[in-house]
Amino acid sequence: MNRNWLFVVMLAGLLLGGSLIAQNRPTPTRIGYVDAEKVVQAHKDFKKVQDVRTQAERELKPLRDQLQPLEAKLRAGNATAKEQQDYRVLAQSLQEAGRKWTERSNAVLKPITEEIDQVIARVAQQQGFAIVLDKKVAASSGLVVYAADELEITDAVVRALPK
């Protein structure tokens, strides 16, 4: 019986001691924000994304230009059967080309955003932030109505990006 009692006392001591040690570690509680778009544009490889978007626009603009008059005729209700068929074919071509360029753009953007996410995490930890929100998403969603300027870490993240 004494052994069991001693075991319980030691176990309780270990549990209490462990929780007291865990409480001594500072836990970040600050919430910060970052202008993710500005950070992405500051990344050294953002030109690659711009190049893909420029190529996409060069390919997609002629399709859009061909679709506009056909769409106007469809809305007015005076499109011929051939024009309706042409519209469907062009619209499908535009949709497929748009999907292709979106995939290419995302493929180029993905390693950039992954690297930026790591930099944001590092800067946030260094500055004692528990959470970092995207400034525009938080504002447009209504999640954040006000945030003090000193909680913004955009410039620190941009400075921490690899050159």
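Listing for the model above:
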{"quantity": "Potential extension, residue 141-residue 82 segment - 0.36 nm per residue separation minus Cα distance", "calculated": "16.8 nm"}
{"quantity": "Percent accessible area from carbon and sulfur atoms, region 59-152, protein chains only, probe 1.4 Å", "calculated": "53"}
{"quantity": "Greater than 28 Å apart at Cα, pairs in 110/135; 100/163; 48/135", "calculated": "100/163"}
{"quantity": "Using a Förster distance of 22 Å, the FRET efficiency for residue 115-residue 155 (Cβ separation, nearest 0.05)", "calculated": "0.80"}
{"quantity": "Hydrodynamic radius by Kirkwood, which averages 1/r over all alpha carbon pairs of region 54-163, in angstrom", "calculated": "18.1"}
{"quantity": "Contour excess over end-to-end distance, with Cα ends at residue 38 and residue 53 and 0.36 nm allotted per residue", "calculated": "3.7 nm"}
{"quantity": "Model label zone, residue 127; criterion: amide N under 17 Å from point 7 Å along Cα-to-beta-carbon; scope region 38-75", "calculated": "38-43"}
{"quantity": "Where region 57-163 is the region considered: accessible area per residue in Å², 1.4 Å probe", "calculated": "68"}
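The values are calculated or read from the model by the stated rules, or taken from the named source; none is laboratory data. All of these numbers come straight from a predicted model, not from anything done at the bench. FYI the Cβ positions are ideal-geometry reconstructions off the backbone, even for glycines, and counts take in every protein chain you see. Heads up: the accessible areas ignore ligands, DNA and RNA and are worked out on the full protein's heavy atoms, side chains in. Shrake-Rupley method; radii C 1.70, N 1.55, O 1.52, S 1.80 Å.
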